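The values are calculated or read from the model by the stated rules, or taken from the named source; none is laboratory data. This is a predicted model, so every value here is computed, not measured. With ideal geometry, Cβ positions are generated from the backbone for all residues, glycine too; neighbour counts draw on all protein chains shown.
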Amino acid sequence: MGAKMTEQLLGEPAAGRRTKILSHLDGRTPGRSLPGALYTDPDVFTSEVELLWRRRWLFVGTVAEVPEPGDYVTFDVAGSSVLVIRDDDEQVRAFHNVCRHRGSRLVTSGNGSVGNLVCGYHSWTYATDGSLRYAPQLSPEIDTTCLGLRPVALREVGGLLFCSLAAEPDGDIDLVADQISGYLTPHRLDRAKVAAQVDLVEEANWKLVMENNRECYHCEGGHPELTCTFFPTWGLREDQVPDRLRPDHDRYLLAEADLMRRCDELGIPHRLIEDLVDRPLGFRIQREPLDGVGESFSADGARLVGRLLGDLDDPQLGRCTFHSQPNAWVHLLADHVVTFAVTPISPDRTLVRSTWLVHEDAVEGVDYDLETLTAVWRATNEQDATFVRNTQLGVSDPAYVPGPYNDAERNVDDFVRWYESQIRSEAQEKGGAR
Ligand code: 3BY
Ligand code: FES
Ligand code: FE
């Protein structure tokens with residue numbers, strides 16, 4: 001088949017899809033939720049995979065998930081499976097989880113530990129650094145040095161791992177790393193271990209999952225467990241706090257002043273850095289107080305893990321919260337860390353992976369109880385899954401008309417504006433854009 005015909009068969013539909021997503025974006029009213037088609041149309045989803053998920057830095061997990069040489073996890077996104085592995089020299093690397101022989105998936109379980117990576121089909125065997133070590137009966141003329149696993153760009157930032165499927169990943173990760181590392185390092189993720197990991201498939205478009213996370217407008221009524229410690233005025237400016245929530249907010253201000261003093265004494269950064277819209281790796285980071293005792297996500301705010309992270313000895317460090325576009329939110333406390341990685345499965349299904357990390361020497365049943373440690377966010381995730389499932393049903397209804405955001409939904413608007421500008425700039429670069 002000639003190149004021209006191939007382009008007609010493959011190129012045109014892709015350009016047509018890009019035109020389609022752009023025309024849906026043209027139909028959006030600023031300050032309102034997105035048009036329904038952006039949450040439901042399979043062509044939109046395919047364009048998002050091509051323009052966003054295959055081109056941006058994505059939050060994968062943490063170094064604590066691969067503590068020893070040979071430990072690996074897989075991260076599946078948009079038809080690609082990324083294998084993240086700690087090699088024999090302790091370096092964390094990422095590869096496409098595709099065998100270089102005839103393409104079998106190499107690793108078929110979500111995580112594990114290996115000496116070498118052995119393909120289950122014809123036993124091609126790779127070292128943990130991705131090089132091909134052994135291929136039975138392979139002709140000696142074939143240069144095996146060219147048959148190592150194909151690398152995927154991976155960056156570690158204060159223990160958080162990000163990957164990019166782009167051929168030439170953007171350099172924004174370095175600029176973000178400079179700004180956030182100091183907030184993360186006191187929690188010493190390199191000396192933490194996974195206490196629990198839960199995969200929840202939510203029946204909603206990935207953007208509804210992210211939008212839901214970016215506001216606490218629904219927290220007051222929607223998250224009784226979380227709001228024992230999570231102040232429901234989150235994201236509001238002073239003049240936006242409704243009278244009803246004034247007492248909560250007054251407690252917040254007192255707790256905030258105390259927290260700032262503690263952080264300053266310890267030399268730990270706390271101030272808000274918010275750059276969610278105008279950069280490829282939009283992010284927000286801030287250390288904020290927790291209600292009650294101020295230590296952890298428990299009913300009274302008291303710590304849930306006896307052994308604090310790293311070398312911390314002040315348990316009252318509230319929560320350092322990191323949000324990044326398109327797919328993460330992370331809360332770092334003195335006693336534990338909980339990370340959330342979102343990946344799209346289909347237009348109306350999304351994986352939310354929650355991971356709880358504690359000090360590597362903390363002992364289950366002695367320093368913490370697993371049920372109690374995970375209770376608040378397991379309940380919160382289930383509540384959020386119901387919210388977004390109902391929203392997916394509503395935005396799929398022909399009667400849906402986009403509605404206005406309010407003050408408490410500022411970061412939802414930021415997410416949507418980030419999404420629109422990233423899609424537009426990538427579509428332009430690829431051509432077929434208007
Ligand atoms: O960052 C978060 O996880 C919270 C949960 C509730 C609202 N959102 C800002
Ligand atoms: Fe992996 Fe054949 S496909 S060894
Ligand atoms: Fe929620």
- When residue 236 is evaluated against the numbered criteria (1) modelled with pLDDT under 95; (2) touching a Leu at 6+ places or on another chain (Cβ under 6 Å), which criterion, by number, is the only one it fails? (2)
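For (1) away from ligand 1 (no atom under 16 Å from the Cβ); (2) loosely packed, with under 15 Cβ neighbours inside 10 Å; (3) under 17 Å from residue 272 (Cβ atoms), each residue gets a yes or a no:
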| site | (1), (2), (3) |
| --- | --- |
| 178 | yes, yes, yes |
| 205 | yes, no, no |
| 231 | no, no, yes |
| 238 | yes, yes, yes |
- Task: Give the residues of region 234-253 that are of a type outside the set (Phe, Trp, Tyr) and closer than 16 Å to residue 287 by Cβ, sorted by residue number.
- Result: 235, 253
- Out of (1) part of a loop (DSSP other than H, G, I, E, B); (2) charged (D, E, K, R); (3) surrounded by 21 or more Cβ atoms within 10 Å (Cβ to Cβ), the one residue 102 does not meet is (3)
- Query: Out of (1) acidic (Asp, Glu); (2) at pLDDT 95 or above; (3) over 24 Å from the mean Cα position of the chain (by Cα); (4) farther than 21 Å from residue 154 by Cα, the odd one out for residue 41 is which?
  - Reply: (3)
- Message: Being away from ligand 3 (no atom under 16 Å from the Cβ), modelled with pLDDT of 95 or more and surrounded by 15 or more Cβ atoms within 10 Å (Cβ to Cβ) narrows it down to one residue among 260, 210; which is it?
- Response: 260
- Determine which member of the set 302, 341, 334 is of a type in the set (A, V, I, L, M) and without any contact (Cβ under 8 Å) to a residue 12 or more places away in the chain. 302
- Message: Going residue by residue through region 120-135, is there one that turns out to be surrounded by fewer than 19 Cβ atoms within 10 Å (Cβ to Cβ), farther than 20 Å from residue 63 by Cα and away from ligand 2 (no atom under 13 Å from the Cβ)?
- Response: yes
- Task: Return the pairs, sorted by first residue and then second, in which the second residue is acidic (Asp, Glu) and outside any loop (DSSP other than H, G, I, E, B), the first residue lies in region 315-327 and is in the same structural domain as residue 214 (by TED's automatic domain parsing) and farther than 18 Å from residue 158 by Cα, the beta carbons are less than 8 Å apart, and the residues are 6+ apart or on different chains.
- Result: 316/258; 318/288
